[in-house]
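Only one structure is covered here, and it is reproduced in the block below.
Laboratory data are not the source of any read-out in this text; all were calculated from the coordinates shown. A quick note: this is a predicted structure, and the numbers were derived from the prediction, not measured. No Cβ is skipped: glycine too gets one built from the backbone with ideal geometry, and neighbour counts run over all protein chains shown.
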Amino acid sequence: MSTLYKWGAGRDPDHPVITDAYDEYLVTEDGEEIIDAAAGAAVVNLGHSPDGVDEVMAEQASRVGYTSTSYFTSPPVDSLSEKLAAMAPGSLNTTFLSNSGSEAVESAIKLARDYHVARGEPEREAVIGRWQGYHGATLGALSASGNTGRRTTYKPYLQDWPKIGPAYPYRWEYSGSPEEQAEAAAGELETLIKQEGPETVAAFIAEPVSGSSIPVAHPHPRYYQEVRRICDEYGVLFIADEVMVGFGRTGTMFASEHFDVVPDMLTLGKGMSAGFAPISATMIRDELLESLEDADHSFYHGHTFSGNPIATAVADHVVDQYTPELLANARARGEQLVDGLAPLRDSSIVGDIRQLGLMVGVEFVADLETGEPFDPDLGVYKQLFERAFEEGVYTYPGGGSVDGHRGDHLMLAPPLTLGEAVADEISRTVVDVVSEVERDLE
């Protein structure tokens, strides 16, 4: 018997066996404690084993564990949907529940198609994405993604949807103020829509703040304000993918709030259940669904476990924990982390340090003046990750941020409950291992 693990880890890799976890710590079968500076995969926003979730899960399991939402509902479904509608901006008042971030994005893509068909514009089918963006592993979500490493093998199966450049101010070549650069970068979308033909474009999808592909890259608010204008002008739906950056990760409930825009659809996951159950959501503006209803056009889509009572009961409890106090802690600990990383600003291999809320991205370069990335064969991000792990700190590493192949970075995205002492330990460890790798690369 064997298990095939995700993202190329293969069959039965030599992973540490985690038997317990609490607060910011993972505990191995040998009793070793590892600081989880990545919150799993930016999932465990409330820390490990918080009080109350186990009781909610057990109580719901003792009452009803499954219903098909094709024909039934349950109290947690309606309660969760009501809370999400109250939390989301604008008229994002309707929730479609699914099980993963990829499924939430697939749902948004399909709903965009339904919307245009219902309005008598069936030729609108293209979903514009951004290079280096990542929206999920399923084929529709991957078609909209620009993460080269994850796309290459499956390219023959993917839709040939167009892409614009990423919202990546560190590597923009536009001149002027941050606001002028942002407006110019957003102009790529308008140009591409015109080139493709507005009548063929269904939607534009973007992470308001970039996740693991280009950690924490985000533009001046003018960028998304211009995106909103362009989408409105050309009848294109704007899908904001907040699977990773929603639920307080960037210091506000939703990352879109930083830019003062309301998307047509908002995809959510990860922190929605804080890792205790597989659940995600697609939030939809009233106007979209009214168009379907006016045309008597059904959204014929779903999943076996959509709206599972146990998962929704857990999420219903978890979203209540995203209090103003928790978000304030996320902002404070994020600032503390980046302050602790200050010595890296003098490093010869650190090109950029980005932070928003409790999310920090550190980008490594071979040449500070030109921003030239390292040769991927050096595996710089792997060296950094492995050394930090040896020191008992689990980070979120990645490569390919520059062009899909080159580019090394680490992301720090610990639980939003992070304490001051552990934040200091994370910063100290990262500074130390970067200094070690820097010396080895000289």
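Looking only at segment 54-321, where both bridge partners belong to it, what percent of the DSSP beta bridges are antiparallel (to the nearest 5)?
Details: 10 of 22 bridges.
Roughly 45 percent of the DSSP beta bridges within segment 54-321 come out antiparallel.
Averaged across orientations, what area in nm² does the convex hull of the alpha carbons in segment 323-441 project?
Orientation-averaged projected area of the Cα hull: 7.1 nm².
Under unit Cβ charges (Lys, Arg +1; Asp, Glu -1), what dipole magnitude, rounded to 20 debye, does segment 323-441 have relative to its Cα centre?
420
Sorted from fewest to most neighbouring beta carbons within 10 Å, what does the list Arg150, Arg11 look like?
Lowest count first: Arg11, Arg150.
Would you mind calculating the gained length between Glu325 and Leu139 on full extension (0.36 nm times residue separation, minus the Cα-Cα distance), in nm to one decimal? It would help to have the intermediate numbers written out before the result.
Values: separation 186, 0.36 × 186 = 66.96 nm, distance 3.88 nm.
Computed gain between Glu325 and Leu139 is 63.1 nm.
Scan the chain and hand back the longest stretch that contains none of the chymotrypsin sites (Phe, Trp or Tyr not before Pro) lying in DSSP loops with at most 11 other Cβ atoms within 10 Å.
Of all site-free stretches, the longest is 72-299.
With no solvent and one equal point scatterer placed on each C-alpha of segment 54-321, evaluate the Debye formula and give log10 I(q)/I(0) for q = 0.08, 0.14, 0.15 Å⁻¹, two decimals.
-0.31, -0.95, -1.09
Just grab the label-to-label distance for Lys382 and Glu290, each label 7 Å out from Cα along the Cβ direction, in nm (one decimal).
5.4
Report the label-to-label distance for Arg406 and Glu32 in nanometres (one decimal), using points 7 Å from each Cα along the Cα→Cβ vector.
So the label points at Arg406 and Glu32 sit 3.5 nm apart.
Order these by the 10 Å Cβ neighbour count, fewest first: His405, His218, His135.
His405, His218, His135
Can you tell me the relative contact order of the chain? Whole percent, Cα pairs under 8 Å, sequence separation 6 or more. Please list the in-between numbers first.
On the way: 911 pairs, mean separation 93.8, N = 442.
Relative contact order, the chain: 21 percent.
Among His220, Gly307, Val360, whose Cα lies farthest out toward the positive end of the dipole of the chain, if unit charges sit on the beta carbon of Lys, Arg (+1) and Asp, Glu (-1)?
Gly307
Give me the number: length gained by fully extending Glu372 to Thr73, i.e. 0.36 nm times residue separation minus the C-alpha to C-alpha distance, one decimal in nm.
Extending this stretch completely gives an extra 102.2 nm.
As a footprinting exposure proxy, order Ile279, Ile205 by other Cβ within 10 Å, with the fewest listed first.
The fewest-first ordering by Cβ neighbours comes to Ile205, Ile279.
Calculate the spin-label point distance for Glu173 paired with Thr200, positioning each point 7 Å from the Cα along the beta-carbon direction, and give it in nanometres.
Distance between label points: 2.6 nm.
In debye to the nearest 20, how big a dipole does the chain give about its Cα centre with +1 on each Lys and Arg Cβ and -1 on each Asp and Glu Cβ?
My answer is approximately 1000 debye.
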